[in-house]
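Below: one structure, written as C-alpha cells.
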Amino acid sequence: MPDKIKTNVLIIGSGPAGYTAAIYAARANLQPHLVAGLEPGGQMTITTDVENYPGFGDVIQGPWLMEQMKEQAKNVGTIIYDDLITEVDFRSNPFITKSDSGLIFESRTIIISTGAQARWLNIESEKKYKGFGISACATCDGFFFKNKEVAVIGGGNSAVEEALFLSKLVSKVTLVHRRDSLRAEKILQERLFNNPKIEVLWNKKVKEFIGTKNPNALKKIKLEDTQNKSESEVLVSGAFIAIGHDPATSLFKNKIEMDEDNYIITKPDSTSTNIKGVFAAGDVKDKIYRQAVTAAGLGCMAALEAEKYLSEKN
Ligand code: NAP
C-alpha cells in the first residue's frame, strides 16, 4: 500500500520559488511538504557565478546558494522528498497528488514551482549530436571542450553568459545569433564584445549540425544567413544551445489555466490560479523577469497567500 501523507501545503519544485515558499510556510507553522523533482535546486544548480542575488558581497556559486536555501527550508521545518510528482488531481479539495515512488499526498493547498527547462532548436541533426557535442548547459559540459572551438546559439542573457563562461575554458567561442542585435543586458554585451576569444556571427541561423558517426562527434555547423540566405560553415567540436526556456507545466495540462506558451496564469498581483487553493510561483508563471530573486519573491507571495486561504477556510 502506498503511503498517504496529509498536509496543509504541498510544494512542487525546488528552485528559489519552491524553497522560499517552504521557508515562509514552515515559519507560519503550516508544516509544508516539498517534492524536489528531477533536478533538485532547479536551473540555479547549472549556473556557476551568481552576482545578482542580493545579500552577498562576493560572487557566489548557484549550486551553493540552492544548498543553503534547502538547508534553511529544512531547518525551519519543511519535509523534503527527493521524488517526482507524476499525477495531480485538482478536482476536489484536499487535492490528491501521486509521486514516482508511490507516495500519495492529500493537501489543502498546492504551490506549483516547477520552473522552466531549456529550449532546443528541434532540428533533426540536433537530436543526433545531443550529448555528443551538443549541450544546453555550458557549466555542466563546457569542461569537455577544453582548448577546443565551440559555438553558442542565441542572443539573450543565457547565451552571452554561456559564451563568457566557455571563453575561460575553450580556445574560441563563436556566438551565432539570428538577428543583428543582442537581447542580453548591456553590461554582459560589453564583456562579450571586449572578450578577444569570442566572435559574434550576426543574422545567422543553424541549418544543420554535421559530424561523424561511430563515434558520434560534432565537427561543424552549417549556417544560413537570415537576410541573403547564403550558407556558411563554422568548424566546432561543441555547440551550446541557449535560446530560452519553456515552463515545466506538462503535468498540469488541461488541469489549470495556462497561456498560449503554457505558462500558468495567475491573478494580477497574486500567485493564485483559477483553482482555489492552488498557487503558482517562479518561472512556471513568470515569462518576463525569470530571475532567482523574483522567483524567490513569488515563492514568498505564494506561501503568504496559501496561509491566508487556509486561515479564511478554517
Ligand atoms: P531569452 O532572453 O528569451 O533569449 C533567447 C534568445 O534566443 C534570443 O536572443 C532569441 O532570439 C534566441 N532564440 C530563440 N529561439 C530561437 C531559435 N529557434 N533559433 C535561434 N535563436 C533563437 O532567454 P534567456 O537568455 O534564456 O533568458 C531568459 C530570461 O532569464 C531572461 O529574462 C533573462 O534576462 C534571464 N536571465 C538572466 C540572467 C542574469 O541576470 N544573470 C542570466 C540568464 C538568464 P531573438 O533575440 O531574435 O528573439
Inset, instruction - State the percentage of accessible surface on the chain attributable to carbon and sulfur atoms; use a 1.4 Å probe and exclude ligands, DNA and RNA. - result: 49 percent
Legend entry - Bridge type composition, the chain - antiparallel percent by DSSP, nearest 5: 45 percent
Legend entry - Binned Cα-Cα distance frequencies in the chain - 20 Å width, integer %: 31, 50, 18, 0
Inset, instruction - At 1.4 Å probe size, with no ligands or nucleic acids counted, give the accessible surface of H33 in Å², nearest ten. - result: 20 Å²
Inset, instruction - Give the ranking of S232, S311, S99 by solvent-accessible surface, highest area first, calculated with a 1.4 Å probe. - result: S311, S232, S99
Inset, instruction - Scan around K207 for amide H atoms under 5 Å from its own, H built in the peptide plane at 1.01 Å from N, and keep only partners 5 or more places away or cross-chain. - result: K222, L223, E224
Legend entry - Modelled label reach - L201, point 7 Å along Cα→Cβ, region 102-127 residues with backbone N closer than 18 Å: 121-127
Legend entry - Loop sites in region 225-287: GluC sites (Glu not before Pro), DSSP, at most 10 other Cβ within 10 Å: E260
Legend entry - Accessible area of the chain divided out per residue, in Å², using a probe of 1.4 angstrom: 51 Å²
Legend entry - Cα-centre dipole for the chain with unit charges at Cβ (Lys and Arg positive, Asp and Glu negative), debye to 20: 500 debye
Inset, instruction - Among DSSP beta bridges lying fully in region 1-141, give the percent that are antiparallel, nearest 5. - result: 40 percent
Inset, instruction - Could you tell me what % of all Cα pairs in region 1-101 have separations over 24 Å? - result: 27 percent
Legend entry - Extent along principal axes [Cα atoms of region 51-135; Å; largest to smallest]: 45, 43, 20
Inset, instruction - With 26 Å as the limit, write out which pairs from K127/K255; K74/K267; K168/K219; K146/K213 have Cα-Cα distances beyond it, or answer none. - result: K127/K255; K74/K267
Inset, instruction - Using the Karplus curve 6.51 cos²θ - 1.76 cosθ + 1.60 with θ = phi - 60°, work out ³J(HN,Hα) for each residue of region 37-52 in order, rounded to whole Hz, and write x for Gly and Pro. - result: x, 5, 10, x, x, x, 4, 5, 7, 10, 10, 9, 5, 10, 10, 10
Inset, instruction - Calculate for the chain the 222 nm mean residue ellipticity that helices alone would give, adding -39,500 (n - 2.57) per DSSP H run of length 4 or more and normalising by residue count, nearest 500 deg cm²/dmol. - result: -7500 deg cm²/dmol
Inset, instruction - Using only the Cα atoms of region 234-284, each taken as one equal point scatterer with no solvent, compute I(q) by the Debye sum, divide by I(0), and report log10 of the ratio at q = 0.27 Å⁻¹. - result: -1.10
Inset, instruction - Express in nm, to one decimal, how much length is gained between D83 and F144 on full extension, taking 0.36 nm for each residue of separation and deducting their alpha carbon distance. - result: 19.0 nm
Inset, instruction - Starting from the exponent 0.38 and prefactor 2.2 Å, build the expected Rg for region 180-314 from its residue count and divide its actual Cα Rg by it. - result: 1.53
Legend entry - Signed unit charges on C-beta, dipole axis of the chain, positive-most listed residue S311, A116, I60: A116
Legend entry - Whole-Hz couplings from phi, Karplus 6.51/-1.76/1.60, listed for region 118-130; x for Gly and Pro: 4, 8, 10, 6, 6, 10, 3, 5, 5, 4, 4, 10, 4
Legend entry - Solvent-accessible area of W202 with every protein chain in place, 1.4 Å probe, in Å² to the nearest 10: 80 Å²
Legend entry - Those Cys residues of the chain for which no other cysteine Cβ falls under 4.7 Å: C300
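The values are calculated or read from the model by the stated rules, or taken from the named source; none is laboratory data. Computed from a predicted model, the values in this text were never measured in an experiment. Note: ideal-geometry Cβ built from the backbone for every residue, glycine included; neighbour counts use all protein chains shown. For accessibility, only protein heavy atoms count, side chains too; no ligands or nucleic acids. Shrake-Rupley method; radii C 1.70, N 1.55, O 1.52, S 1.80 Å.
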